[in-house]
Amino acid sequence: MTRLANVPECSPSNPVNPADIPVRTLNSGVQIPAIGLGTFGSDHVPPSAVAEAVEYAASVGYRHFDCASVYGNEKQVGESFERLFKSGLRREELWITSKLWNDKHGEDDVIASCAKSLADLKIEYLDLYLVHWPFPNHHPPGCDVGARSPNAQPYIHENYMRTWRKMEELVDRGWVRNIGTSNMTIPKTKLLLRDARIKPVANEMELHPHFQQPEFFEYLMRNGIQPIGFSPIGSPARPERDRTDEDTSPTEDPVIRRIAKQHGVHPAVVCIKWAVQRGQIPIPFSTNPRNILANLQCAVHDPLTEQEMNDIARIDRNCRLIKGQVFLWKDNQTWEDLWDRNGEITPP
Ligand SMILES: NC(=O)c1ccc[n+]([C@@H]2O[C@H](COP(=O)([O-])OP(=O)(O)OC[C@H]3O[C@@H](n4cnc5c(N)ncnc54)[C@H](OP(=O)(O)O)[C@@H]3O)[C@@H](O)[C@H]2O)c1
């Protein structure tokens with residue numbers, strides 16, 4: 001591998017070779033690119049800007065895109081895919097993920113919701129379809145941290161399995177190639193593994209140097225479930241509802257800054273390099289061409305040393321940023337109740 005500081009500037013006319021991007025093999029036997037582009041505009045980046053970023057990212061070598069119906073931009077992102085396919089990119093060269101939103105867990109809603117994502121994204125199948133959260137609790141886009149759905153419910157395994165059966169049906173129909181989870185915990189995943197006919201191939205979860213989730217990460221790896229890491233840079237532009245005074249920022253950590261300086265890169269890039277090297281799949285969001293490129297380039301150049309990886313392992317602060325308060329289902333709860341912190345599913 002070449003040192004990043006010495007890598008010639010990439011651009012759409014001199015892209016990263018997609019064949020150089022590392023891949024991970026899922027328990028279904030298929031390979032997924034080890035880095036993707038996030039598409040959640042954190043309630044303030046317009047759909048057109050995200051769609052433009054998708055097209056630019058594909059032009060410089062990205063082949064993996066993390067979409068979701070709730071991001072409110074699948075139509076515009078789909079128009080970007082359509083243009084890319086017209087310009088010669090083949091569907092099978094891309095990895096496209098989408099997610100079932102929380103108000104669509106009902107048995108009659110899963111198939112219809114997937115059909116809508118497929119139509120909006122202008123594709124005939126998804127590589128991966130995730131249940132976005134294990135709670136069927138909707139909140140409107142742009143709501144504040146105190147917002148609660150009047151019909152909010154706890155996690156009820158039987159209900160989740162009804163949703164999962166429909167996810168399995170989507171695989172049987174050939175609409176989606178793989179299914180997975182997001183924002184799960186060890187006890188919930190144990191039950192799913194016990195009862196699933198088609199196992200989840202991946203769990204999408206918050207992962208960055210200040211929130212490494214070592215126990216859950218190891219559990220998933222042991223059970224053949226690929227961790228996909230969201231907010232890999234610490235989501236500096238996340239919505240207000242996801243901010244508290246205790247939050248820390250991995251890009252401001254002195255260890256990350258020291259390593260960034262040594263490699264001649266932005267601290268955000270070190271967070272991405274660490275993620276790829278550790279084995280999770282980071283899906284950084286960006287609409288800035290320079291950052292989009294830097295995040296991809298670091299996945300193929302200039303690995304961190306063992307010492308640097310060990311140094312980063314030691315700066316975990318167990319600092320969850322995306323706490324999910326809006327999914328709480330009754331009064332007098334704290335966000336920790338969503339995450340089964342004592343190893344058991346929080347009772348209703
Ligand atoms: N499953 C879930 O529940 C869930 C939850 C949250 C997020 N996600 C997914 O994960 C994706 C990423 O998470 P995120 O958007 O929360 O946060 P993130 O990727 O950690 O942070 C994105 C922010 O970092 C900046 N950035 C990116 N690369 C940079 C670089 N090289 N140097 C400096 N700044 C850089 C971006 O600004 P610029 O645009 O200026 O570069 C943007 O403001 C989302 O887009 C979404 O697809 C999933």
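Report whether or not Thr244 is touching a Leu at 6+ places or on another chain (Cβ under 9 Å), farther than 23 Å from Val77 by Cβ and surrounded by fewer than 23 Cβ atoms within 10 Å (Cβ to Cβ).
For Thr244, the condition - touching a Leu at 6+ places or on another chain (Cβ under 9 Å), farther than 23 Å from Val77 by Cβ and surrounded by fewer than 23 Cβ atoms within 10 Å (Cβ to Cβ) - is met.
What about Cys319, is it more than 12 Å from the ligand (Cβ to nearest atom) and either within 30 Å of Ala49 (Cβ to Cβ) or in a helix (DSSP H, G or I) (or both)?
So Cys319 fits the description; yes.
Name the single residue that is modelled with the highest pLDDT among those in the range 238-253 being in a loop (DSSP other than H, G, I, E, B) and either within 11 Å of the ligand (Cβ to nearest atom) or under 16 Å from the mean Cα position of the chain (by Cα) (or both).
Ser249
Kindly list, by first and then second residue, each pair from a residue in the range 91-107 that is touching a residue at least 40 places away in the same chain (Cβ under 8 Å) to a residue that is assigned to a helix (DSSP H, G or I) and among the aliphatic types (A, V, I, L, M), limited to pairs with Cβ atoms under 7 Å and residues at least 6 apart or on different chains.
Leu100/Val110
Sort out which residues of the range 72-95 are part of a loop (DSSP other than H, G, I, E, B) and either out of contact with any helix residue (DSSP H, G or I) (no Cβ under 6 Å at 6 or more places or on another chain) or surrounded by fewer than 18 Cβ atoms within 10 Å (Cβ to Cβ) (or both), and write them in order of number.
Gly72, Ser87, Gly88, Leu89, Arg90, Leu94
Picking from Leu293, Leu338, which residue would you name as being within 16 Å of the ligand (Cβ to nearest atom), farther than 30 Å from Pro136 by Cα and part of a helix (DSSP H, G or I)?
When all the criteria are applied, what remains is Leu293.
Can you confirm whether Gln297 is farther than 18 Å from Phe230 by Cβ and in contact with a Cys (Cβ under 8 Å, 6 or more places away or on another chain)?
Judged against the criteria, Gln297 is a match.
The values are calculated or read from the model by the stated rules, or taken from the named source; none is laboratory data. Since the structure is predicted, the reported quantities are computational estimates derived from the model, not experimental observations. Cβ atoms come from the backbone with ideal geometry, glycine included; neighbour counts cover every protein chain shown.
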